[in-house]
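> Would you mind keeping the following structure in view while I ask a few things?
The values are calculated or read from the model by the stated rules, or taken from the named source; none is laboratory data. On a predicted model such as this, the values are computed, not experimentally measured, just so you know. Every residue, glycine among them, receives a Cβ derived from its backbone with ideal geometry; neighbour counts consider all protein chains shown.
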Amino acid sequence: MVCFRTSGRGFEDEPWESVSSATLATASPWRTFRWYDGQKHYSGTYWSSTMRDHVIYESRLELARLLFDDFDPSVRRILAQPFLLKAEVEGKVRKHIPDYLLISEDGPVVVDVKPRHRVAKPEVAFTFDWTRRLQQNRWLYDRAVEMGAKRYLFGAVPNLTTDDWRRHFGTFYSTLSKAKQSFDPGNVLTPGQGFFG
């Protein structure tokens, strides 16, 4: 699940698999930073030529990454603290706010910035692993569909929408839907796959 703020400061919750890059590109930062005397991190704002606006950062390391991305010609948008990811991993609900979302020519890229000594910590490595898998599964699914793929690994992309299944089955979807209504009106067969809503 991805939770994001709309420009009107409201909240939206959508399955990661169904939220579009265009929707996320217009989201407001999930959180902003506090500035106070004696803080350990050097937070601030950076005028981004890519965004033609200020982009927030939480540390000098994030600022360095922000500069790098701002000069990358393939990056179209840079969003700081873009959303809250929630997923059930190993029986627990996990939450994580990535540092940046880049909208590039190759699609969306979720960026987390951590010093090398923190990446080696097991809890940080675990978080990076599950967020990377969540993002990669959807990206691989979308690329395969773009190339005309019809086979999938069950569960590789959780929470496929009815529109995803329509695209998967193509013109055969209406025939399949009618057969489902005729032969399984009680929705006993495959009730959890979301083929038909």
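> Residue by residue through the stretch 140-197, note down the ones that are among the aromatic types (Phe, Trp, Tyr) and at pLDDT 65 or above.
TRP165, PHE169, PHE172, TYR173, PHE183, PHE195, PHE196
> Does the stretch 98-111 contain at least one residue that is among the small types (Gly, Ala, Ser) and at pLDDT 65 or above?
Yes, the stretch 98-111 has at least one match.
> Given the condition of a type in the set (Lys, Arg), at pLDDT 85 or above and either more than 19 Å from the chain's Cα centre (by Cα) or buried (at least 16 other Cβ atoms within 10 Å of the Cβ) (or both), answer yes or no: does some residue in the stretch 42-52 qualify?
yes
> Search the stretch 100-131 for residues being of a type in the set (Asp, Glu) and closer than 23 Å to TYR46 by Cα, and hand back the single one that is farthest from the chain's Cα centre (by Cα).
GLU105
> Pull out all pairs, ordered by first then second residue, where Cβ-Cβ is under 8 Å, the residues are six or more apart or on different chains, the first lies in the stretch 79-108 and is touching a residue at least 40 places away in the same chain (Cβ under 8 Å) and surrounded by fewer than 17 Cβ atoms within 10 Å (Cβ to Cβ), and the second is assigned to a strand (DSSP E or B) and basic (Lys, Arg).
From the stretch 79-108, the pairs are LYS86/ARG94; LYS86/LYS95.
> Would you call TRP30 closer than 23 Å to PHE126 by Cα and modelled with pLDDT under 80?
no
> Could you tell me which of the residues ARG65, ARG52, ARG60 is over 19 Å from SER20 (Cβ atoms) and touching a Phe, Trp or Tyr at 6+ places or on another chain (Cβ under 6 Å)?
ARG60
> Okay, moving on. Only residues that are modelled with pLDDT under 75 and either over 18 Å from SER104 (Cβ atoms) or of a type in the set (Phe, Trp, Tyr) (or both): list them for the stretch 1-27, please.
Matches in the stretch 1-27: SER7, GLY8, ARG9, PRO15, TRP16, GLU17, SER18.
> May I ask you to list the residues in the stretch 66-115 that are aromatic (Phe, Trp, Tyr) and farther than 20 Å from PRO15 by Cα?
PHE68, PHE71, listed by residue number.
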